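Have a look at the structure below before the remarks.
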Amino acid sequence: MKKILVTGSNGQIGVELVQYLRKIYGGDNVIATGRKKVPGPVSEGGPFDLLDVRDANAAAALLDKRKIDTIMHLAGILSARAEGEAQLAWDTNINGLYSILEAGRPRNCALFFPSSIAAFGPGTPPKNTPQDTIQRPNTIYGVTKVAGELLCDYYCKKYGMDIRGLRLPGLVSHEALPGGGTTDYAVHIYYEAVSKGKYTSYIGKGTFMDMMYMPDALESIVKLMESDPSKLRHRNAFNVSGMVFDPEGIAASIRKVIPDFELSYDVDPVRQAIADSWPDSLDCSAAREEWAFAPQFDLDAMTRDMLERIKGRQGCAAER
């Protein structure tokens, strides 16, 4: 049975991935970590340890203590926040990754590293963006993701580490609110559709970005990590996407459930500039061919599920 360590388990992906992995591999076999202990299912539903990923010695000691063989390295500073805290973003995203790689390497740990569509830039072909193409991002977050992809490739080729990863698009989740990403509007819009019947978007009309519903992302992470390594030509940084839409598209989908929903705009120039530097759509053929990537949710299916779950959660809160 695998023994899995998850870094950044208090983040948007970590909160759900920890619970998802515990259902598959058993609660005691998935160790959540974070810089602080947050009350809830992650810290209370199984083992939890405090960890600063920049501390390689602490990471190595924890890998030995818990007898870890697989690391899900999710700790990082996201795109919009990173632009205001560039030094922290580099320290966490790159020095943190390097520390985890150095801790995991002599212990033969497998590692999952999440890259992002932010690894692309204005010079990347924007439509049907190829798996292998020019990557010249103009954000510090994107720079750290490209550097992370290259560092993971190096450790895989130089030391034989089993490192696999996805270039994740914007993720939409009803479980945990995101924390500082450019695509966060695609989560907030659902919550405000339910609570207010309207939303003001900081991303402009006609700005198309790749997105994925969290259940598909979780399944894809596990599917990739469990796949036959002999069939993985790329291993690291697979393009994946569940759907592509702009704010008008998601609003139209919401109106199929909430007909009077209103969308307006107050564009944030910082996050808009980041979004404009990213692709409109990704070519995910490598992921389909090498490990049978197959997302289940399209936009309307995601919308129905998100609104139903948010209404249910808010209804329960009102009853209390």
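The values are calculated or read from the model by the stated rules, or taken from the named source; none is laboratory data. Worth saying up front: this structure is predicted, and the values here are computed from it rather than measured. Neighbour counts run over all protein chains shown; Cβ positions are idealised from the backbone, glycine included.
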### Query
Does any residue in the stretch 285-301 that is within 18 Å of residue 164 (Cα to Cα) and touching a residue at least 60 places away in the same chain (Cβ under 8 Å) come within less than 6 Å, Cβ to Cβ, of a residue that is basic (Lys, Arg) and part of a helix (DSSP H, G or I) six or more places away or on a different chain, and which pairs are these?
290/231
### Task
Report yes if residue 274 is under 23 Å from residue 182 (Cα atoms), part of a helix (DSSP H, G or I) and modelled with pLDDT of 95 or more, otherwise no.
no
### Query
In the stretch 205-239, which residues are among the basic types (Lys, Arg) and either in a loop (DSSP other than H, G, I, E, B) or free of Cβ contacts under 8 Å to residues at least 40 places away in the same chain (or both)?
205, 233, 235
### Message
For the stretch 23-58: of the residues being among the basic types (Lys, Arg) and more than 23 Å from residue 101 (Cβ to Cβ), which is surrounded by the fewest Cβ atoms within 10 Å (Cβ to Cβ)?
### Response
36
#### Entry: Scope the stretch 210-264; condition buried (at least 16 other Cβ atoms within 10 Å of the Cβ), more than 22 Å from residue 301 (Cα to Cα) and among the polar types (S, T, N, Q); matching residues
227, 236
### Task
Under 7 Å between Cβ atoms, at least 6 apart or on separate chains: pull out the pairs that start in the stretch 161-181 with a residue that is surrounded by fewer than 22 Cβ atoms within 10 Å (Cβ to Cβ) and end on any residue that is in a loop (DSSP other than H, G, I, E, B).
179/11; 179/78; 180/78
### Message
If residue 157 meets every condition in (1) part of a helix (DSSP H, G or I); (2) closer than 26 Å to residue 126 by Cβ; (3) not aliphatic (A, V, I, L, M) apart from one, which number is that one?
### Response
(2)
### Query
Is there any pair linking a residue in the stretch 251-273 that is over 30 Å from residue 138 (Cα atoms) to one that is part of a helix (DSSP H, G or I) and among the basic types (Lys, Arg), with Cβ under 6 Å and at least six apart or on different chains, and which?
261/255
### Task
Using the structure shown, decide if residue 119 is within 21 Å of the chain's Cα centre (by Cα) and hydrophobic (A, V, I, L, M, F, W, C).
yes
#### Entry: Residue tally, condition hydrophobic (A, V, I, L, M, F, W, C) and touching an Asp or Glu at 6+ places or on another chain (Cβ under 8 Å), over the stretch 114-162
4
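If a residue must be of a type in the set (Lys, Arg) and either buried (at least 21 other Cβ atoms within 10 Å of the Cβ) or under 16 Å from the mean Cα position of the chain (by Cα) (or both), how many such residues does the stretch 61-112 contain?
Qualifying residue count for the region: 1.
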### Query
Scanning for something under 20 Å from residue 244 (Cα atoms), in a strand (DSSP E or B) and in the same structural domain as residue 73 (by TED's automatic domain parsing), does the stretch 188-204 turn up at least one residue?
no
### Message
Being modelled with pLDDT of 95 or more and either more than 24 Å from residue 141 (Cα to Cα) or of a type in the set (Ser, Thr, Tyr) (or both) narrows it down to one residue among 173, 201; which is it?
### Response
201
